[in-house]
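Right, one structure below, let's go through it.
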Amino acid sequence: MVPALRCAGPALLLLAAAPPQDSASQTRLMDRIERMLVLPKEAQPFARYGRNYALAGPDTVRAVYVVPPPRSSANTGCSVALPDFKWRPCTAREIAAMIKSEDENIASQARAGQRRWHDKASSLPLVDDGGCTVIMIEYSISRDRITSTTCNGFG
């Protein structure tokens, strides 16, 4: 038997919003965020972004919107910095590794105009800077509001 609890005043029941567990819930959540989102004034048109989402905590969704960069070409030139501040051309093996890494990076994120739900926040695209070609978004599930929208590299 569970003991009864008494309160001196009115009772307040707080229910934490449940994080999305299935693709339908994830889709509804992405729809909700995209309906309320206001992009920064420096942002590019919405359709140019690949939109990546993941839970960053039990009550937080993190989104990383990225304008995919143009693909590199082995013909665009590649150089390696040397310890003596000189440069040498990349070897064929280094160029192949660069192209493979780029292909893996492209495959790991949503393409322009598409969105993807990632299993964990650590799988979201990681970009060092990018300005408004990369937009970072935080959303509180329980408060049903976007708590942060910033261009990457800006405060």
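The values are calculated or read from the model by the stated rules, or taken from the named source; none is laboratory data. None of these values were measured; they are calculated from a predicted model. Cβ sites come from the backbone with ideal geometry, for glycine too, and all protein chains shown count toward neighbours. Areas reflect the complete protein model, heavy atoms only, side chains present, ligands, DNA and RNA absent. Shrake-Rupley method; radii C 1.70, N 1.55, O 1.52, S 1.80 Å.
Would you confirm whether any residue within region 13-34 is surrounded by 10 or more Cβ atoms within 10 Å (Cβ to Cβ), modelled with pLDDT under 95, assigned to a helix (DSSP H, G or I) and in contact with a Ser or Thr (Cβ under 8 Å, 6 or more places away or on another chain)?
no
Yes or no: Asp119 on the phi < 0 side of the Ramachandran plot, at pLDDT 85 or above, acidic (Asp, Glu) and open to solvent by less than 50 Å² (accessible area, probe 1.4 Å)? Give the derivation first.
Working: on the phi < 0 side of the Ramachandran plot: yes; at pLDDT 85 or above: yes; acidic (Asp, Glu): yes; open to solvent by less than 50 Å² (accessible area, probe 1.4 Å): no.
Spelling it out, it is not the case that Asp119 is on the phi < 0 side of the Ramachandran plot, at pLDDT 85 or above, acidic (Asp, Glu) and open to solvent by less than 50 Å² (accessible area, probe 1.4 Å).
Go through (1) open to solvent by 50 Å² or more (accessible area, probe 1.4 Å); (2) under 27 Å from the mean Cα position of the chain (by Cα); (3) farther than 24 Å from Thr60 by Cα one by one and return the number of the condition Asp128 breaks.
Of (1) open to solvent by 50 Å² or more (accessible area, probe 1.4 Å); (2) under 27 Å from the mean Cα position of the chain (by Cα); (3) farther than 24 Å from Thr60 by Cα, only one is false for Asp128: (3).
May I ask you to verify whether Ala96 is of a type in the set (Gly, Ala, Ser), over 17 Å from the mean Cα position of the chain (by Cα) and at pLDDT 90 or above? Spell out the reasoning first.
On the way: of a type in the set (Gly, Ala, Ser): yes; over 17 Å from the mean Cα position of the chain (by Cα): yes; at pLDDT 90 or above: no.
Spelling it out, it is not the case that Ala96 is of a type in the set (Gly, Ala, Ser), over 17 Å from the mean Cα position of the chain (by Cα) and at pLDDT 90 or above.
Sort out which residues of region 122-145 are within 16 Å of Gln26 (Cα to Cα) and either part of a strand (DSSP E or B) or modelled with pLDDT of 95 or more (or both), and write them in order of number.
Residues satisfying the conditions are Ile137, Glu138, Tyr139, Ser140, Ile141, Ser142, Asp144, Arg145.
With the requirement that a residue be exposed (fewer than 10 other Cβ atoms within 10 Å of the Cβ) and not polar (S, T, N, Q), what does region 57-76 give you?
Scanning region 57-76 gives a single hit, Pro70.
Filter region 95-116 for residues that are among the aliphatic types (A, V, I, L, M), in contact with a Gly (Cβ under 6 Å, 6 or more places away or on another chain) and open to solvent by 30 Å² or more (accessible area, probe 1.4 Å) and give the result.
First pass over region 95-116, keeping only residues among the aliphatic types (A, V, I, L, M): 95-99, 106-107, 110, 112.
Filter again for in contact with a Gly (Cβ under 6 Å, 6 or more places away or on another chain), leaving 110, 112.
Scanning region 95-116 gives a single hit, Ala112.
When the residues of region 146-155 are narrowed to those that are within 13 Å of the chain's Cα centre (by Cα) and surrounded by fewer than 17 Cβ atoms within 10 Å (Cβ to Cβ), which ends up modelled with the highest pLDDT?
Within region 146-155, the subset within 13 Å of the chain's Cα centre (by Cα) is 148-152.
Next, only the ones that are surrounded by fewer than 17 Cβ atoms within 10 Å (Cβ to Cβ) stay: 148, 150.
Working: Ser148: 96, Thr150: 93.
So, considering only residues that are within 13 Å of the chain's Cα centre (by Cα) and surrounded by fewer than 17 Cβ atoms within 10 Å (Cβ to Cβ), the one modelled with the highest pLDDT is Ser148.
With respect to the numbered conditions (1) over 23 Å from Ser122 (Cβ atoms); (2) open to solvent by 60 Å² or more (accessible area, probe 1.4 Å); (3) not in a loop (DSSP other than H, G, I, E, B), which one is the sole condition not fulfilled by Lys41?
Condition not satisfied by Lys41: (3).
Do we have any residue at all in region 57-67 that's modelled with pLDDT under 95 and touching a Cys at 6+ places or on another chain (Cβ under 7 Å)?
no
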